[in-house]
Amino acid sequence: MSTNRNENAPNPDLHLISKALAMICGKWRLYIILLLGEQTLRYTQLSELLPGISEKVLAGELKALVALGVMKRKAYAEMPPRVEYKLSKKGRLALPVLNQLQEIGQLFN
């Protein structure tokens, strides 16, 4: 009696995986999410922590992450304007998995 090796193999939900990848795809999203972690940062702080990112790209990535529900944006009616970003509950729930990516990267370092 032969046993089929695929019998016990996990059956990944490709739709759910593609949704997760949409959250972190792109050159900068993963870095932005990991930098925020459990803290609240302003646009200028994020810009300083991500050397090499253009203002246009950072603004677009922040807007996309807010639209995906990964982060929250809070604007204050002050002069000059002040905007702060922090991870939403969904974004914080993803942190342990995203931090594991760093550990995997160290294995191949």
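Just so you know, all these numbers are worked out from the coordinates, no wet-lab data involved. Everything numeric in this text was worked out from a predicted model, so none of it was measured. Methodologically, a virtual Cβ is constructed for each residue, glycine included, from the backbone with ideal geometry; neighbour enumeration extends over all protein chains shown.
Under 5 Å between amide hydrogens, built in the peptide plane, is the criterion, and for LEU87 it picks out LYS72 among residues at least 5 positions away or on other chains.
Here the chain is assigned +1 on the Cβ of each Lys and Arg and -1 on the Cβ of each Asp and Glu. Its dipole about the Cα centre then comes out at about 360 debye. Each label was represented as a point 7 Å from its Cα along the Cα-to-Cβ direction; for LYS86 and THR40 these points are 0.5 nm apart. Note that region 46-109 shows a convex hull volume over its alpha carbon atoms of 111 Å³ per residue.
Sites count as exposed loop sites when they are GluC sites (Glu not before Pro), lie in a DSSP loop, and have at most 12 other Cβ atoms within 10 angstrom; the longest stretch of the chain without one is 39-77.
For region 14-19, the Karplus equation 6.51 cos²θ - 1.76 cosθ + 1.60, evaluated at θ = phi - 60°, returns couplings of 4, 5, 5, 5, 5, 5 Hz by residue, with Gly and Pro reported as x. Think of the chain as a dipole: +1 on every Lys or Arg Cβ, -1 on every Asp or Glu Cβ, centred on the Cα centre; then among VAL83, ILE24, ASN11, VAL83 lies furthest on the positive end.
Which entry in (1) 157; (2) 135; (3) 441 is this structure's computed volume of the Cα convex hull per residue in Å³? Among (1) 157; (2) 135; (3) 441, the one calculated here is (2).
Using a Förster radius of 25 Å, what is the FRET efficiency between ASP13 and VAL66 based on their Cβ-Cβ separation? Nearest 0.05, please. After rounding to 0.05, the efficiency reads 0.45.
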